[in-house]
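Data block below; observations after.
The values are calculated or read from the model by the stated rules, or taken from the named source; none is laboratory data. The model shown is predicted, which means the values in this text are computed figures rather than measured ones. All Cβ positions, glycine included, derive from the backbone under ideal geometry; neighbour counts span all protein chains shown. With ligands, DNA and RNA removed, areas are computed over all heavy atoms of the protein, side chains included. Shrake-Rupley method; radii C 1.70, N 1.55, O 1.52, S 1.80 Å.
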Amino acid sequence: MDCLLKTLRSEGRSGMYRGAAVNLTLVTPEKAIKLAANDFFRHQLSKDGKLTVFKEMLAGCCAGMCQVTITTPMEMLKIQMQDAGRIAAQQRVMPNVATALKMGGTSAVLCRSYNTNPGPVMRLSATRITRELLKTKGFSGLYKGLGATLMRDIPFSVVYFPLFAHLHQLGRPSPEGPAPFYWSFMSGCLAGCVAAVTVSPCDVVKTRLQSLKKGANEETYNGIVDCVRKILKKEGPGAFLKGASCRALVIAPLFGIAQVVYFVGVGEILLGYTPHNIYSS
């Protein structure tokens, strides 16, 4: 709530939707790859016999590895968009801080601060950020934090997919019959919530590493190990769960909706396919 109120005061309502265009563009192929890859690997691993929990986790692991091709640049651009407002708000209070120090102030800590009055906020587009990253850092610039993204998305998929599959199975009236759409939604919500909270420490590390522009007195990190060490030293273990509740609130309905759309077959309907001609082809 504190973050919400300060963001609204500092950046206005539009500040709450920074990075939304990136999500709208890339979240669909990301989820399509994730869900389809999991089904593909589950099918491949079940050819030898019964699909054990270990094989379900292995299929989820493979799905998580596939999705980072889209997830990493999506997260990278989204974080830069979201950080732009925070940095701009912080820069506006710098003159006041400098004046206070000249008048006898002893210290000033500006760490992810939004304590400022409303004012013009730097406007950036995902296209502009992409061009700058490609120009300054090359194609690899879009994949900064790839290791941390893998560290988050692989465990997420390992937890999520087996848990969803077993929850979804409980809602089927018969072993061969489909579960009601609302059961798919609830299963996706619950599995997504559990998986999101489980990997929150990894998400914190990933976000810190992908934040390129730092404000005054903000820490810089040289890789995953350095990031973990500095967070533990300066903020304590509790810092690794920052934003866990917000992440769960976002991920739960996101995966609930995605699973319903996936199982109902909306994509196939839009493309003019039916289950019959998909399998017959």
The correct count of residues that are in a helix (DSSP H, G or I), small (Gly, Ala, Ser) and surrounded by fewer than 20 Cβ atoms within 10 Å (Cβ to Cβ) in region 154-199 is 1
- In region 123-136, is there at least one residue being modelled with pLDDT of 70 or more and within 17 Å of the chain's Cα centre (by Cα)? yes
The residue from Ala89, Ala63 that alone is open to solvent by less than 30 Å² (accessible area, probe 1.4 Å) and either out of contact with any helix residue (DSSP H, G or I) (no Cβ under 9 Å at 6 or more places or on another chain) or at pLDDT 85 or above (or both) is Ala63
Scanning region 144-153 residue by residue, the ones that are assigned to a helix (DSSP H, G or I) and open to solvent by 60 Å² or more (accessible area, probe 1.4 Å) total 2
Condition set among the polar types (S, T, N, Q) and surrounded by fewer than 14 Cβ atoms within 10 Å (Cβ to Cβ), scope region 204-257, selection modelled with the highest pLDDT: answer is Ser245
Check: Could we say that Asp203 is acidic (Asp, Glu) and touching a residue at least 24 places away in the same chain (Cβ under 8 Å) here?
Finding: yes
In region 231-273, anything outside any helix (DSSP H, G or I) and among the basic types (Lys, Arg) is listed as Lys242
Exactly one of Asp39, Asp48 is of a type in the set (Asp, Glu) and assigned to a loop (DSSP other than H, G, I, E, B), and that one is Asp48
